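Note sheet for the following structure.
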2 protein chains.
Amino acid sequence: MIRVSILGSGNVATHLISAFLNSADIQLVQVFSRNLEKIKHLEGEVLITNNLHELELVDVTIVAISDDSILGLSKKLKNDSGLIAHTSGTASLNELKGNYPKGVFYPLQTFSKEKKFNLKKVPICIEADSDSNLLLLEKLATGISDNVYFIDSKQRQNIHIAAVFVNNFSNHLYEIGNQICKKHNIPFEILQPLIKETAKKVKSMTPSDAQTGPAKRNDQLTIEKHLSTLSNQQQEIYKVLTKSISKAYN
Amino acid sequence: MIRVSILGSGNVATHLISAFLNSADIQLVQVFSRNLEKIKHLEGEVLITNNLHELELVDVTIVAISDDSILGLSKKLKNDSGLIAHTSGTASLNELKGNYPKGVFYPLQTFSKEKKFNLKKVPICIEADSDSNLLLLEKLATGISDNVYFIDSKQRQNIHIAAVFVNNFSNHLYEIGNQICKKHNIPFEILQPLIKETAKKVKSMTPSDAQTGPAKRNDQLTIEKHLSTLSNQQQEIYKVLTKSISKAYN
């Protein structure tokens, strides 16, 4: 049984808390939040506190707070606190300032508090300052997920950049699809199966093999027709992506 | 029982042929292809031909060929052929040149021949030159899909543009994710659950509500860090999408 505490009450913290509470191999001992109100509902299930001096001794403390706050908070943690791991996709291992054992426990997913989902399929990227600490984090990660990866700080930062493309930017393209639908009185739901299939396709073939459309065919007539109906902002995006696809295939 | 023929042997034709063959309400009578070799395997199940003069009399003839070829082929069809419908997302109803009844039967999906899938969930956008022809196409469409929409030519052209954004362009962003992974020795599969969840999320919330990331937060430090690691082409895409997201939320 691994004893764990979580510092934080945001999206990542919320999902980890519920995953740890549901794991047979993990004992969630304590949750810390500056704002006690945010974790009040956990009282009875785990210890809660808003005081860093009240932290219990555990095997692993997960620092699930915003990137900007990691450095400041990490300085305040005692050196005999056990292994301390943050959950950031971008902060390096050494963003944790203290003489305690350090690690990273980064769940690669787009979390929103409202949307519940099973962490089992979420990749957990782990890194630590020693082999034994890495093993401890691996044990913790496999307690909540089937997909655990050893990923160093540089790789993790690049995964985060790749995630910006496939998640943040793709979502913005969905938003543009939504805007076009709205403007022409078309229900956005009509695009849902296409969005789903596009995402699904790259499980069985490479994105490069899955590429279709006027940019790939270099179909200038269609491209010009499309551009003529778009807003300036949408045109800019259409052009730059068309250019990139065109270059890759023609 | 609706009697149908299909002209064409590409991706769309292939999927429609298999859907029609599997429907209890539809009788696929004949398939035409200029290149008989491509439809040879259908012999025995349906009539096949490479000669437009040999077309049987049916209720609906589906012209599932490339946009550029619709006009030319449609001129050669007899005026007593029954309802003629093309499957293009961009060509208007009147691209069909002839004095026969006309319609559009556009399945909104990304088809590749290799990948089999059920048409049941694929939206079929239909349009026709009369109410009775529209009803006939509706009957045909509901025989293979649960999602049938009445969509006029202008709406359909805009759906096609929206589809370029959510399908072609999103897929290219997946490809960039793949390139970044390759460069840093990260398995692309690590991004799969994120890609899937991003697509799934917009079923339960609007893309605008689902938006996250450095561009939305206007996190210049992270944006600069990311840009510094990207190729020129990737930078251009990153910048233009970040600008668009930033404008929308800040």
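The values are calculated or read from the model by the stated rules, or taken from the named source; none is laboratory data. This one's a predicted model, so the numbers in the text were calculated from it and none came from an experiment. A quick note on method: Cβ atoms are made from the backbone with ideal geometry, for glycine too, and the neighbour counts reach across all protein chains shown. Please note that ligands, DNA and RNA were not included when accessible areas were found on the heavy atoms of the full protein model with its side chains. Shrake-Rupley method; radii C 1.70, N 1.55, O 1.52, S 1.80 Å.
A few remarks follow.
- Peptide-level mean, for A:214-225, of C-beta atoms on other protein chains within 10 Å: 3
- Computed from label points 7 Å out along Cα-Cβ, the spacing between A:Met205 and A:Ser228 is 3.1 nm.
- Most mobile listed residue (A:Glu43, A:Glu56, A:Glu236) in chain A, GNM with C-alpha springs under 10 Å: A:Glu236
- Positive-end residue, the protein assembly as shown charge dipole about Cα centroid, Cβ charges, pick of B:Ile190, B:Gln233, B:Ala13: B:Gln233
- In straight-distance terms, cross-link reach from A:Lys183 covers every one of the aspartates and glutamates whose alpha-carbon lies under 13 Å from its own, apart from those fewer than eight places away in the same chain; here that gives A:Glu175.
- Under a model in which nothing but the beta-carbon of Lys, Arg (+1) and Asp, Glu (-1) is charged, the protein assembly as shown shows a dipole of about 700 debye around its Cα centre.
- Hull shadow area, averaged, the stretch A:1-119 [alpha-carbon convex hull, nm²]: 6.9
- Extension gain for the segment B:Glu236 to B:Lys183, taken as residue separation times 0.36 nm less the Cα-Cα distance, is 17.2 nm to one decimal.
- When A:Glu175, A:Glu189 are compared by accessible surface with a 1.4 Å probe, the order from highest to lowest is A:Glu189, A:Glu175.
- Of the two radii for the stretch B:96-137, the radius of gyration is 1.09 times the Kirkwood radius, both from the alpha carbons; that is the Rg over Rh value.
- With 22 Å as the limit, the listed pairs A:Lys154/A:Lys201; A:Lys200/B:Lys203; B:Lys154/B:Lys216; A:Lys243/B:Lys243; A:Lys182/A:Lys225 have A:Lys154/A:Lys201; B:Lys154/B:Lys216 beyond it between alpha carbons.
- Heavy-atom SASA rank of B:His15, B:His160 (probe 1.4 Å, accessible area, largest first): B:His160, B:His15
- Of the whole protein surface, A:Asp59 contributes about 60 Å² of accessible area at a 1.4 Å probe radius.
- The eigenvalues of the Cα gyration tensor, multiplied by 5 and square-rooted, give the protein assembly as shown an equivalent ellipsoid with semi-axes of 53, 22, 19 Å from largest to smallest.
- Share of carbon and sulfur in the accessible heavy-atom surface of chain B [1.4 Å probe, %]: 48
- Highest GNM mean-square fluctuation among A:Leu191, A:Leu71, A:Leu93, for chain A modelled with Cα contacts below 10 Å: A:Leu191.
- Taken over the alpha carbons of the stretch A:16-57 as equal point scatterers, the Debye sum produces base-10 log I(q)/I(0) values at 0.27 Å⁻¹ of -0.99.
- Rolling a 1.4 Å probe over the protein chains gives A:Ser231 an accessible area of about 50 Å².
- Gaussian network model of chain B, Cα within-10 Å springs - most flexible of B:Thr206, B:Thr110, B:Thr142: B:Thr206
- Alpha-carbon Rg/Rh ratio, for the stretch A:143-250, with Rh computed the Kirkwood way: 1.03
- Sorted shortest first, the distances from the B:Ala248 label point to those of the same residue in the other copies are 2.0 nm; each point sits 7 Å from Cα along Cα-to-Cβ.
- Relative counts (whole %) of C-alpha pair distances in the stretch A:41-105, using bins that are 10 Å wide: 21, 54, 23, 2
- Computed [θ] at 222 nm, deg cm²/dmol, chain B (DSSP H ≥ 4; -39,500 (n - 2.57); rounded to nearest 500): -12500 deg cm²/dmol
- Net lengthening on full extension, B:Lys247/B:Asn35 (0.36 nm per residue, minus Cα-Cα): 71.2 nm
- Calculated label separations, A:Lys196, copies of the chain, 7 Å along the beta-carbon direction, nm: 1.3
- Each copy carries a label point for A:Ser66 at 7 Å from Cα along the beta-carbon vector; from one copy to the others these points are 5.3 nm apart, nearest first.
- More than 30 angstrom apart: percent of Cα pairs within chain A: 40
- Cross-link reach list, aspartates and glutamates versus B:Lys196, counting only Cα pairs under 14 Å and skipping chain neighbours closer than eight places: A:Glu197
- Inter-label distance for A:Glu45 and B:Lys121, nm, one decimal - labels placed 7 Å from Cα along Cα-to-Cβ: 3.0
- Averaged per residue, chain B has 44 square angstrom of accessible surface, using a 1.4 angstrom probe with ligands and nucleic acids left out.
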